[in-house]
Each structure stands twice: as structure tokens, then as C-alpha cells.
Amino acid sequence: MKSTVERSEDARVLTAESPLKHLHFGLTFGLIAAGFLWATDLRAENHEGDIIVSHGISSFGDLKYPADFTHFDYVNPDAPKGGVFSTWAFGSFDSVTPYVLKGNPADGASGLFDTLLVRSFDEPDSYYGLVAETLEYPEDRSWVIFNLRPEAQFSDGTQITAEDIVFSYNALLNDGRPTYKISFKDVAGAEALDTHRVKFTFKEGSRTRDLPSLVGSIPVFSAAYYADRDFSEDTLEPPLGSGVYLVKSADPGRSIVYSRNKDYWAQDLPVRKGHYNFDELSYEYYTDYTSAFENFKAGEYLFREEYSSAVWGTGYDWPALNDGYIKKEVIPDNRPSGTQGWWFNLRREKFEDPRVRRAMGMMFNFEWSNRTLFYDLYERTNSFWENSTVKAVGRPSEAELALLEPLREHLPEEVFTDEAFVQPVSSDQRLDRSTLRRASRLMDAAGWRIVDGVRQKDGEKFEIEILNDSPSFERIINPFVQNLQRLGITATSPTVDNAQSTEREKNFDFDITVRRYVLSLTPGPELFGLFGSEAATTVDSANVAGVANPAVDVLLDRLSEAQSREELDTAISALDRVLRALHIWIPQWTKGSHTIAYADVFDRPDVKPLYDRGTTTWWWDPEKAERLRLAGEL
């Protein structure tokens with residue numbers, strides 16, 4: 001999981017740009033934007049009824065870009081190629097194969113492989129053909145055929161065929177990360193119709209709205225390459241791919257460098273123009289944030305997104321920045337950003353009572369933390385879809401109640417009677433005594449009473465460990481731990497190394513861990529991997545909390561079956577309301593922006609993609625770079 005990590009005050013962030021990109025749970029994101037153009041689908045009549053033949057697909061049929069579009073609006077199609085984009089990564093790596101359970105994959109490794117479709121980052125949920133030139137599907141989306149581009153090829157010059165697509169699907173299903181079985185549970189199978197046509201059929205009665213884009217996001221592997229290699233094994237041997245970049249060098253624990261394939265087959269396609277302009281991408285690895293930041297100041301890498309409010313508030317003051325050689329700025333992040341928090345491992349008996357989980361959540365004093373630790377840079381998270389228009393607010397609407405009423409036996413009564421749960425506001429003192437008293441009453445009611453100064457039940461002490469792999473996160477965890485101890489809980493948070501943390505999370509060997517997922521505003525099958533009951537027992541799934549609730553499963557079905565944006569928004573709000581009432585996490589904080597700093601050697605388009613940071617559209621500026629060289633800053 002670590003290859004997709006960003007950090008917000010060092011919390012693990014899992015993001016993706018398509019249903020399967022960046023490992024195994026891929027969370028898409030987007031909002032409804034005004035002014036979209038409507039693309040005209042080409043329709044062909046046959047005995048099966050209307051078949052849609054199109055250059056792209058979206059969840060609800062709306063495409064901004066027509067079939068003859070030349071490039072996305074947020075790129076510079078004439079951006080020059082060259083230069084280096086370097087940044088940092090946390091921890092270590094020992095593999096360049098990001099799709100299997102073994103190993104800790106390197107950051108950026110998913111860029112070695114192209115996909116059938118790629119998404120547009122100025123639309124809610126649209127995908128356009130990359131390896132696939134067009135796709136065909138019936139109106140009920142019960143199957144999809146991808147027509148491959150004859151020019152599509154792997155980096156060794158061999159052609160990508162339908163057999164390679166079938167192999168890729170089967171390899172992920174049978175030998176990839178276990179959670180692919182959840183992702184593909186509605187896929188009946190894949191078959192090669194001829195050299196350039198591959199068909200995916202979906203199971204009868206399945207939720208088909210997003211399945212074409214799901215299978216369209218499968219990374220493409222070479223069947224011939226893996227004929228004498230074990231796909232399930234991790235390796236540092238650079239695999240044969242079809243993507244923009246190749247592995248130039250890999251030094252485990254230190255750095256990995258990718259070089260742009262000068263013969264990349266798709267570089268002039270509309271979906272690739274203006275993207276991936278750097279000759280090299282470099283990730284420098286560090287095991288602690290202080291040394292990573294100091295090395296950025298020393299010029300060891302060129303781009304940094306800052307996730308520490310303390311560093312952002314006090315550390316960005318050195319000569320190169322003050323002289324303008326380093327740029328510092330805040331750019332908007334329009335994605336939902338509400339899923340960062342401490343996640344309970346609900347598989348453990350001590351967390352089975354929601355009153356316990358609610359009481360523990362009250363011991364995190366956000367107001368004190370924001371003022372004392374975060375320089376008032378954040379807002380409190382309450383919703384899983386914070387920073388969005390679909391988060392649950394107030395009491396449930398009639399439309400939500402229509403979804404929730406049949407599920408009443410599996411839900412707390414407060415879902416139906418109360419406003420959507422929000423965390424209590426605490427005082428500016430680290431330990432709010434009135435909040436402590438309320439939390440103590442909840443623990444007493446759950447049977448965990450104070451005996452000899454600690455919480456006990458049936459002679460067993462209430463002991464927890466918060467998993468942490470970041471020394472710099474200790475300043476945030478320690479006050480929380482101290483408040484839990486005042487509640488009578490024996491709480492600890494020893495710092496472990498990154499490799500141990502990764503392995504323990506894969507196997508759900510923890511009490512509480514920190515995660516942030518960037519969720520979608522057009523969610524679909526990927527949420528089964530995050531909140532579904534099947535994923536709760538699947539090794540390495542994104543369902544770290546172990547949520548296994550029949551009502552949640554039904555709401556996930558309703559969400560995936562929604563046939564209109566209105567239906568979808570209602571289902572999201574209902575699901576958000578339920579998850580918050582179940583107290584599966586202790587939400588932390590959020591901000592709707594990226595705080596970035598970089599050496600002044602880059603240029604970029606005037607328009608930032610609405611739902612992405614946009615650095616894949618930047619390019620190297622030789623004149624700016626020369627200025628820094630002459631000043632001794634590069």
C-alpha cells in the first residue's frame with residue numbers, strides 16, 4: 001500500500017486516478033462541473049438492440065470531449081520534453097511490481113503500465129481510450145468490447161493484443177493482491193474475440209454502471225513476458241511494460257529513477273498530449289520527515305508537497321526561498337478530503353461496543369491540537385466525504401429514509417432520529433474535563449469501569465496500541481494517548497519502522513492505525529473494498545477497520561446501482577450518515593488545498609485540472625534552470 005502514500009501530518013493517504021490504478025482499491029473522485037459538452041455516441045443496430053460505440057465512457061453517459069478532441073483542456077499540448085522531476089518518498093521499497101501481495105513496491109511503479117482507458121481530471125467520472133481506441137457496450141452495460149489500437153505496443157516493440165488483456169485480467173484475479181477478487185466479483189470473464197478485440201462479460205444481476213471503466217483500468221501486462229516468470233513474485237527486475245516510463249535505476253531504500261521512453265507509442269494521442277513531459281522521474285527515499293525536509297532545503301530533490309503544518313508554518317524560511325529560487329504556494333484541492341483519522345480494528349473484541357469507540361474519539365481534542373500544533377491551518381473532519389456537497393447534514397431526508405428504513409434492525413436508532421453525527425467541540429485546554437466526564441460515563445455504561453486506576457472488565461484491563469511509523473507524528477499522538485490514559489485506558493504508541501507497519505497493516509495486526517482515503521463523488525465497486533463485509537476478512541484490503549455490517553453492504557449495493565446523479569448523492573449521504581453513527585474511526589482534520597514548494601525550474605499550464613494536483617502536466621524550463629545553476633542553487 002505504501003507506494004500510493006501521501007502525507008497529511010504524516011498520515012497515510014491512499015489515492016488513485018482510476019478504479020484500478022495505484023494498487024488494489026483505486027478510488028476515483030470528481031464533482032459535477034457546469035458547462036460540460038455532450039459527446040455524441042455512435043450507435044449501431046443489431047439483433048441485441050442498440051449498441052453504443054464510443055471513444056469514452058462515464059458513469060451517467062456525459063462526456064465533455066468529443067471523438068475528435070485533440071487534447072485535454074488542462075494541458076499544454078506543445079509542452080517541451082526534457083529535464084527532471086524529483087520528489088521524496090517515505091520508508092523503503094524492495095520491488096517494482098505494485099500489483100502483488102509480496103514486497104513493498106516503489107513509488108511510481110504503476111506508471112510502467114498503460115491501461116485500456118484513462119480518466120479525465122476535469123470531469124466527474126469520464127474515461128477515454130488509450131490502449132483501446134473505442135469501446136462497445138449495450139445500454140444495460142452487461143458487457144463491453146474494447147477495440148485495441150493496432151499501434152499499441154510494449155516497450156520492446158511487440159504489439160499489445162487481446163490475449164495480453166485477457167492474461168492481465170486473469171493474472172490480477174488469480175495471482176494479484178487478494179482484493180482483486182473483490183474488485184472483479186461482478187466480472188464473469190474476459191475473452192479475446194480476435195487480435196484487437198477483447199470482450200468482458202459481467203455477471204447477471206450485477207451492478208454494471210461502472211464495470212466498463214473498472215475493467216478498462218486494468219494495467220496491461222505482456223503474456224509472452226510472463227510465460228517464464230511468476231507473476232505473483234516480487235522483483236527488482238524492471239518488468240516489460242507499455243507505459244511512458246522505464247526503470248532507469250533502482251537502489252532499494254535510497255532511490256528509484258524512471259526515464260521517459262523516447263519511443264513511447266502513445267505520446268501523440270489526445271489523452272497523452274501535454275502529459276509526462278519530464279525525461280526523468282526520481283523518488284528519493286527517507287525514513288523520517290525531518291531529514292527529508294532538510295534534504296529538500298539542500299536541493300537534493302526539486303518538488304515537495306508539505307503535509308506538516310508545523311513545518312509549513314515555521315520551517316519555510318531559508319535564503320533560497322527568500323531569494324525566489326524556491327517557490328511556495330497553496331493550490332486548491334477540489335477532491336473530497338474527509339477520510340483521515342484513527343481507524344479502529346473492529347475485529348478485536350474490546351472495540352465491539354460503539355460506546356467505547358465514541359468515548360475514545362472524545363479524547364482527541366482537535367481544537368487544542370489545531371491551535372497548539374497546527375497553527376490553525378485545519379478544519380475538523382466529521383464526514384467521510386468532507387469538503388464535498390454530498391456529506392450527510394442534519395436529519396435524514398425522505399429519500400434517505402426510504403433507503404434506511406428497511407435496514408433498521410442493523411443500525412443505531414440515532415441514524416433515524418438525530419442529526420448526522422459530529423464530534424463534540426472541546427475547550428482550548430488539552431484535556432477538556434467536561435468531555436472527560438461524558439466519555440467516562442460511556443465507558444462505565446459499556447462495562448469498562450475504573451479498578452485500581454485503570455479501566456477493567458471481567459478482570460481484563462483495557463489496553464490499546466496505536467500503530468505509528470513516523471517519529472514526527474509523535475507530537476500529535478502523544479497528547480491523544482495522554483488523554484486516553486486519563487480516561488483509564490492503558491494506551492501506548494511505540495514507533496515502528498515502515499516495513500513492520502506495512503506488514504502489520506496487511507494482516508490487520510493492530511488496534512488502531514492512521515489512514516486517509518481520497519474518496520469519490522461518483523463511487524462504485526471500489527467502496528466494497530473499503531467498507532464491504534467480504535473485504536473485512538480479505539488480507540491487505542483497504543477495509544482496515546473491518547467494517548462488516550449488513551446495512552452497509554446493502555447501501556453499497558444501492559450506491560452502485562444508482563441510475564442518476566440524484567439517486568447516487570442520496571445513497572452517498574445515507575452511507576456517510578451510517579458510517580459516522582457506527583463510530584468506526586476517530587476523524588482527524590482536513591484542508592481543501594495542496595501546500596507545495598518546488599525549485600523554480602518548472603513551468604505549467606494556465607489551467608489546473610479540477611480533480612488533480614496537476615504535476616503530470618508540468619514541464620522543465622531550461623532558462624529557469626540555468627538561472628538557478630548560475631546562482632549555485634541547482
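Structure notes:
- Between S86 and S282, L302, F303, the built amide H atoms are under 5 Å apart, and every one of these is 5 or more places off in sequence or on another chain.
- Accessible surface of the chain [probe 1.4 Å, protein heavy atoms]: carbon and sulfur percent: 47
- The GluC sites (Glu not before Pro) of the range 462-500 include none that meets both conditions, a loop assignment by DSSP and at most 11 other Cβ atoms within 10 Å of the site Cβ.
- For the range 59-205: relative contact order, % (alpha-carbon pairs under 8 angstrom, 6 or more apart): 17
- Charge dipole of the range 397-527 about the Cα centre (unit charges at C-beta), most positive-ward option of T513, Q423, F462: F462
- Set K391/K608; K328/K624; K181/K506 screened for pairs whose C-alpha atoms are more than 18 Å apart: K391/K608
- With θ taken as phi - 60° and the Karplus curve 6.51 cos²θ - 1.76 cosθ + 1.60 applied, the whole-hertz 3J(HN,Hα) list for the range 262-273 is 5, 9, 4, 5, 9, 5, 9, 6, x, 6, 10, 4 Hz, x standing for glycine and proline.
- Centroid-to-centroid separation of the range 585-634 and the range 299-327 [C-alpha atoms, Å]: 12
- Annotation: aspartates and glutamates with alpha-carbon distance below 20 angstrom to K81 (same-chain offsets under eight excluded): D73, D114, D263, D268, D279, E280, D600, D603, D606, D621, E623, E626.
- Computed over the chain: relative contact order in percent, which uses C-alpha pairs under 8 Å that are six or more apart: 21
- Assuming charge only on the beta carbon of Lys and Arg (+1) and of Asp and Glu (-1), the dipole of the chain about its Cα centre is about 1800 debye to the nearest 20.
- Hits among lysines - C-alpha to C-alpha of K64 under 16 Å, sequence gap 8 or more where chains match: none
- If you sort the three axes of the alpha carbon gyration tensor as a ≥ b ≥ c, you get a/c of 1.5 or more for the range 443-511 and a/b no higher than b/c, which makes it oblate.
- Rounded to whole Hz, the Karplus (6.51, -1.76, 1.60) HN-Hα couplings of the range 446-460, x for glycine and proline: 7, x, 9, 10, 6, 10, 6, x, 9, 6, 9, 8, 6, x, 9
- Given their separation in residues at 0.36 nm each and the Cα-Cα distance between them, E379 and T492 gain 38.1 nm when the chain is fully extended.
- Mean-position separation - Cα centroids, the range 447-474 and the range 330-368, in angstrom: 16
- The range 513-583 and the range 419-439 have Cα centres spaced 27 Å apart.
- The packing ranking, built from the mean of other Cβ atoms within 10 Å per residue, places the peptides 319-327, 212-220, 608-616, 92-100 in the order 212-220, 92-100, 608-616, 319-327, highest first.
- For K185, the aspartates and glutamates whose Cα falls under 12 Å of its own Cα, not counting residues fewer than eight places away in the same chain, are E204, E526, E534.
- Karplus 3J(HN,Hα) series, Hz, for the range 154-168 with 6.51 cos²θ - 1.76 cosθ + 1.60 (x for Gly, Pro): 7, 5, 8, x, 6, 6, 7, 10, 4, 4, 5, 5, 4, 4, 4
- Neighbour net charge for V166 - beta-carbon separation under 13 angstrom, K R +1, D E -1: -2
- Near P354: Cβ cut-off under 13 Å, other residues only, Lys/Arg at +1 and Asp/Glu at -1. The net charge is +1.
The values are calculated or read from the model by the stated rules, or taken from the named source; none is laboratory data. Model, not experiment: these values are computed from the prediction. Virtual Cβ from ideal backbone geometry, glycine too; neighbours counted across all protein chains shown. Please note that ligands, DNA and RNA were not included when accessible areas were found on the heavy atoms of the full protein model with its side chains. Shrake-Rupley method; radii C 1.70, N 1.55, O 1.52, S 1.80 Å.
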